[in-house]
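Take a look at the structure set out below.
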Amino acid sequence: MTPMTTEGEKTRPKAATARRAIVGRLSWGLADQAASSMTNFAVGIYVARSLGLAAFGVFSLAWVTYGVVLSVSRGLATDPLVVRFSGVPDASWRGAVARSSGTALGVGAAIGAACLAVGLALGGRVGPAFACLGVMLPGLLLQDAWRYSFFAAGIGRKAFVNDLVWGVALVPAMVVAARVGSVAAFVLAWGVSAAVAAVYGCFQSGIRPHMTGVREWVREHRDLGYRYLVENTCVSGASQLRAYGLGAIVGVSAVGVVRGAELLLGPFLAVLMGLSLVTVAEAARVVRRAPHRLGPFCLLLGGAQAAAALLWGAALLLVPDRFGELVLGGVWNSASELIVPATLGVAGAGLGTGAAAGLRALGAAR
């Protein structure tokens with residue numbers, strides 16, 4: 001009986017230590033996404049209040065386009081990295097990060113050139129915003145790649161610091177953009193500050209992106225990358241098509257209304273996205289160490305996020321109009337009418353994140 005007791009006593013501290021480690025990594029994920037989302041939230045609010053509904057709609061078109069490009073980068077570069085190189089030896093991680101970050105940089109350069117050409121051809125109010133987005137895409141995607149790389153290694157604090165650098169760099173950039181007073185200036189301010197954080201990420205990691213390894217990376221992980229690419233772009237592409245359709249049929253002001261409703265859900269989305277940075281890596285660790293715990297882990301994850309979304313939406317319905325106008329200005333009145341459908345959509349997305357994390361951790365891209 002004594003050996004069994006000793007073994008049980010040893011097992012419990014190990015389990016407790018593992019739980020503390022998971023909580024710590026999840027906490028850094030939430031902290032990092034809070035920093036990132038507050039940066040994005042501040043940009044959105046500042047543009048909405050400074051330039052009005054129509055200009056905010058133009059900015060939102062550039063924003064959703066960035067979201068689609070980000071999905072392409074994550075599908076090809078960072079999603080395979082998180083699935084296959086979470087909790088691996090440092091040498092293996094460093095080699096993978098060099099090629100993964102190079103892939104993200106390559107995607108930004110290629111699609112950025114296309115956005116620049118389209119923006120110059122469009123002209124008008126929308127064209128300059130897209131042209132500036134094209135110039136800024138490489139830095140934006142590289143900054144995001146560093147975040148996923150750090151979480152794959154279990155050092156989320158570095159991702160948090162990187163996003164703080166972005167937020168600090170954004171302050172003077174926004175001041176300059178406000179003096180210029182155009183959507184293109186705000187896009188440049190947002191992108192330049194991200195590029196500063198992307199360069200800082202090279203110093204944090206001690207790794208330089210290897211664009212010469214892009215083809216090798218994509219070929220080695222095509223069983224995951226291509227399927228993640230399709231999945232990611234289908235989800236984000238729906239938002240882009242919605243935005244373009246609203247802009248073409250109703251006008252860019254309608255795009256601003258929808259984006260305003262999304263901003264109201266911003267704090268909760270920060271939690272959702274923060275967890276998503278960590279959950280696939282954590283689920284991958286669960287698969288390696290205790291596969292039988294994957295199901296309960298994913299069920300708890302999805303259910304908790306859906307419930308939290310519903311609670312946040314209920315709280316938004318109680319916000320007085322004067323406070324809403326203080327935050328969103330003239331966008332509030334129209335955006336507040338979309339709180340219920342936006343909340344239900346986010347709750348549904350939260351419910352599915354648990355299952356998605358489990359499937360990705362299993363490498364079951366098909």
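How do the peptides 164-171, 192-199 rank, highest first, by the average count of neighbouring beta carbon atoms within 10 Å per residue? Show your work: numbers first, answer last.
Details: 164-171: 18.4, 192-199: 22.0.
Per-residue mean Cβ counts within 10 Å order the peptides as 192-199, 164-171.
At 0.36 nm per residue, and after removing the present C-alpha to C-alpha distance, how many nm does the segment from V168 to L362 gain when stretched out fully? Don't skip to the end; give the middle numbers.
Values: separation 194, 0.36 × 194 = 69.84 nm, distance 3.77 nm.
Computed gain between V168 and L362 is 66.1 nm.
Once the piece of chain linking D223 and V319 is laid out straight, how much longer is it, given 0.36 nm per residue of separation minus the C-alpha distance between them? Don't skip to the answer; put the middle values down first.
Values: separation 96, 0.36 × 96 = 34.56 nm, distance 4.69 nm.
Between D223 and V319, full extension yields 29.9 nm more.
Given a Förster distance of 25 angstrom, what is the FRET efficiency for R157 paired with A290, based on the Cβ-Cβ distance and rounded to 0.05? Can you show the working numbers first?
Working: r = 25 Å, r/R0 = 1.01.
Approximately 0.50, to the nearest 0.05.
Can you tell me how the stretch 30-250 classifies by the Cα gyration tensor, rounded, prolate or oblate, using a/c under 1.5 as the rounded cut?
Numbers: a/c = 2.02, a/b = 1.47, b/c = 1.38.
Since a/c reaches 1.5 and a/b is larger than b/c, the shape of the stretch 30-250 is classed as prolate.
Determine Rg/Rh for the stretch 55-123; Rg is computed over alpha-carbon atoms and Rh is the Kirkwood hydrodynamic estimate from the same atoms.
Working: Rg = 15.6 Å, Rh = 13.7 Å.
Looking at the stretch 55-123, the ratio lands at 1.14.
Over 15 Å apart: what share of the alpha carbon pairs of the stretch 67-165 falls there, rounded to a whole percent? Let's see the in-between values first.
Working: 2980 of 4851 pairs.
Counting pairs separated by more than 15 Å, the tail of P(r) holds 61 percent.
Out of every Cα-Cα pair in the stretch 134-216, what percent are more than 21 Å apart?
Values: 1129 of 3403 pairs.
The proportion of pairs with Cα distances above 21 Å equals 33 percent.
Say R0 is 45 Å: what FRET efficiency, to the nearest 0.05, do L310 and M211 get from their beta-carbon distance? Write down the numbers at each step before the final one.
Working: r = 44 Å, r/R0 = 0.98.
So, using R0 = 45 Å, E works out to roughly 0.55.
For H221, H210, H292, what's the largest-to-smallest order of accessible area, 1.4 Å probe?
Values: H221 10, H210 90, H292 140 Å².
Descending order: H292, H210, H221.
Of the heavy-atom accessible surface of the stretch 30-250 (probe 1.4 angstrom), what whole percent is carbon and sulfur? Present the calculation step by step, with values, prior to reporting the outcome.
Details: 5910 of 8730 Å².
Within the stretch 30-250, the accessible surface is 68 percent carbon and sulfur.
Tell me, what is the per residue accessible area of the stretch 40-109 in Å², probe radius 1.4 Å? Write down the numbers at each step before the final one.
Numbers: 1840 Å² over 70 residues.
It amounts to 26 Å² per residue over the stretch 40-109.
The values are calculated or read from the model by the stated rules, or taken from the named source; none is laboratory data. Quick caveat: nothing in here was measured; it's all calculated off a predicted structure. Methodologically, a virtual Cβ is constructed for each residue, glycine included, from the backbone with ideal geometry; neighbour enumeration extends over all protein chains shown. Heavy atoms of the whole protein, side chains included, go into the accessibility calculation; ligands, DNA and RNA do not. Shrake-Rupley method; radii C 1.70, N 1.55, O 1.52, S 1.80 Å.
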